[in-house]
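Student: Take a look at this one; I'll ask things after.
The values are calculated or read from the model by the stated rules, or taken from the named source; none is laboratory data. Here the structure is a predicted model, which is why all the values come from computation and not from measurement. As a convention, Cβ positions derive from the backbone with ideal geometry for all residues, glycine included, and neighbour counts pool all protein chains shown. Keep in mind that these areas ignore ligands, DNA and RNA; they rest on the heavy atoms of the full protein, side chains included. Shrake-Rupley method; radii C 1.70, N 1.55, O 1.52, S 1.80 Å.
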Amino acid sequence: MTRILLFGAGGQLGREVTALAAERGLDLVGLGHDALDIADPVAVARAIEAARPDALINAAAYTAVDKAETEPETAARINAFAPGLIAERCARYRTPLIHVSTDYVFDGTKAGAYVEADPIAPLGVYGRTKAAGEAAVRAASERHVIVRTSWVYGTHGNNFLKTMLRLAAERDLLKVVSDQRGCPTATRDLAEAVLAAAQAAARGDARWGTYHFAGTGATTWHGFARAIVAAAAGHTGRTPEVSPITTADYPTPARRPKNSELASDLFERTFGVRAAPWERRVSEVVGALLRTAPAADPAPVVPAAEDSAPEPQTKSDQAPVEAS
């Protein structure tokens with residue numbers, strides 16, 4: 001049986017990958033940041049030697065976008081140095097690597113959806129360190145699949161959807177940025193994608209390179225929030241107003257791309273996986289959360305492209321929501 005080694009197993013994507021692998025009877029070994037420092041060369045080598053995987057998924061990253069502006073060394077250690085180290089060790093053992101990256105490598109000035117060949121131009125420390133991590137992976141190992149994604153949410157961890165549920169239960173007015181556009185991506189779909197890539201790589205069927213994978217359809221943070229509130233209303237009866245604001249109304253330390261849309265056609269053609277329409281997944285995730293836990297996650301946090309190691313204090317700097 002194909003064995004997959006997962007780094008970042010404790011984060012929102014890692015937990016979804018672990019659950020999906022268990023559902024399908026896949027042989028997956030998951031390590032969270034409490035069990036592995038991905039920037040430690042000896043620890044990474046030992047993890048690979050112990051698991052002897054047929055493919056490795058790296059879902060670990062430092063994702064606190066604003067905090068990265070004041071912690072560039074920490075962000076670089078996790079997002080740039082560690083992926084290169086992992087790729088080098090994977091190359092040494094001839095282990096294919098699936099590495100998760102982000103839409104923040106782009107500056108958001110393109111009119112349409114970004115494709116893999118578009119030039120990158122990150123706006124801040126987070127994006128620059130993730131871009132450097134991509135470059136390090138490419139330099140260290142030919143046998144890699146880099147998967148860029150965006151606006152990740154799900155039932156695990158801390159993310160924008162769960163923040164909106166909490167705020168919708170507490171407030172009658174929510175002010176959410178409406179001039180940043182992207183593709184909300186459910187962890188269920190992203191887990192399907194990275195597992196498909198890992199299995200193809202383990203079989204020797206993968207086409208190495210960089211791919212985009214995000215939810216089907218695009219919206220703004222404001223549109224995303226409205227869909228969440230509408231889905232929750234059927235369970236809670238509450239319908240707070242969701243009011244649009246601009247990025248200028250909610251200044252943050254790090255600049256964000258105005259356009260984060262990713263075209264996922266190449267991934268679908270290569271690996272046969274396409275995400276569900278984001279509105280449908282939102283309804284499913286909201287239903288799952290409100291059926292199992294009426295109170296949304298209390299932490300004021302929002303989604304990250306990947307899960308962080310070490311865990312950031314908050315992820316509330318990814319999607320601006322004005323407290324009012």
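Student: Would you mind calculating the relative contact order of region 50-163 from Cα pairs under 8 angstrom and at least 6 residues apart, reporting the percent as a whole number? Write out the running numbers ahead of the final one.
Tutor: Numbers: 163 pairs, mean separation 37.9, N = 114.
Once normalised by length, the contact order is 33 percent.
Student: Okay, moving on. Express the relative contact order of region 145-271 as a whole percentage, based on alpha carbon pairs under 8 Å and six or more residues apart in sequence. Don't skip to the end; give the middle numbers.
Tutor: Numbers: 196 pairs, mean separation 50.9, N = 127.
Result for region 145-271 is 40 percent.
Student: Same structure again: Mind pulling the angle between the C-alpha long axis of helix 278-292 and the longest principal axis of the chain? Nearest 10 degrees, somewhere in 0 to 90.
Tutor: Taking the Cα atoms of the chain, the angle to 278-292 is about 80 degrees.
Student: Report the accessible area of Asp179, computed with a 1.4 Å probe over the heavy atoms of all protein chains in place, in Å² rounded to the nearest 10.
Tutor: The accessible area comes out at roughly 50 Å².
Student: When only the heavy atoms of the protein chains count and the probe is 1.4 Å, how do Ser260, Ser243 rank by accessible area, highest first?
Tutor: Values: Ser260 5, Ser243 30 Å².
So, going from the largest accessible area down, we get Ser243, Ser260.
Student: Taking the Cα centre of the chain as origin, sum charge times position over the Cβ atoms of Lys and Arg (+1) and Asp and Glu (-1), and report the length of that vector in debye to the nearest 20. Could you put the intermediate results ahead of the total?
Tutor: Details: 35 positive and 38 negative charges, 94 e Å.
In debye, rounded to 20, the chain gives about 460.
Student: How would Trp151, Trp208 line up by accessible area, probe 1.4 Å, largest first?
Tutor: Descending accessible area places them as Trp208, Trp151.
Student: Working with all protein chains in place, sort Val273, Val115, Val105 by solvent-accessible area computed with a 1.4 Å probe, largest first.
Tutor: Working: Val273 25, Val115 55, Val105 0 Å².
Correct descending sequence by accessible area is Val115, Val273, Val105.
Student: A follow-up question, please. Just name one of Ala21, Thr236, Tyr153: the one whose Cα is farthest towards the positive end of the charge dipole of the chain (beta-carbon charges, Lys/Arg +1, Asp/Glu -1).
Tutor: The one lying farthest along the dipole's positive direction is Ala21.
Student: Moving on. Kindly provide the helix-only [θ] at 222 nm of the chain, computed as the sum of -39,500 (n - 2.57) over DSSP H runs of four or more divided by all residues, to the nearest 500 deg cm²/dmol?
Tutor: Numbers: 11 runs with 126 residues, N = 324.
Value at 222 nm, helices only, nearest 500: -12000 deg cm²/dmol.
Student: Let me ask you something else. From Cα pairs below 8 angstrom and at least 6 apart in sequence, can you work out the relative contact order of the chain, rounded to a whole percent? Intermediate results must be reported in sequence, preceding the final value.
Tutor: Values: 762 pairs, mean separation 82.8, N = 324.
26 percent.
Student: Quick check on region 49-135: take the gyration tensor over C-alpha atoms, sort the square-rooted eigenvalues as a ≥ b ≥ c, and tell me if it's rounded (a/c under 1.5), prolate or oblate. Walk me through the numbers before you get to the answer.
Tutor: Details: a/c = 2.79, a/b = 1.52, b/c = 1.83.
The shape class here is oblate.
Student: Sticking with this structure for a sec: Between 0 and 90 degrees, rounded to the nearest ten: what's the tilt of helix 82-93 against the longest Cα principal axis of the chain?
Tutor: 30 degrees
Student: Restrict the search to region 34-140; then list the trypsin sites (Lys or Arg not before Pro) that DSSP places in a loop and that have at most 14 other Cβ atoms within 10 Å of their Cβ. Write down the numbers at each step before the final one.
Tutor: On the way: sites: Arg46, Lys67, Arg77, Arg89, Arg92, Arg94, Lys110, Arg128, Lys130, Arg138; in loops: Arg94, Lys110.
Counting only loop positions with at most 14 other Cβ atoms within 10 Å, the trypsin sites (Lys or Arg not before Pro) in region 34-140 are Arg94.
Student: Each residue of region 45-57 in order: what ³J(HN,Hα) in whole Hz does its phi give by Karplus 6.51 cos²θ - 1.76 cosθ + 1.60, θ = phi - 60°, with x for Gly and Pro?
Tutor: Computed from phi, the couplings for region 45-57 are 4, 5, 4, 5, 4, 5, 7, 6, x, 8, 7, 10, 10 Hz.
Student: Another one. Region 185-238 to region 5-21: how many Å between their Cα centroids?
Tutor: Measuring centre to centre over Cα atoms gives 14 Å.
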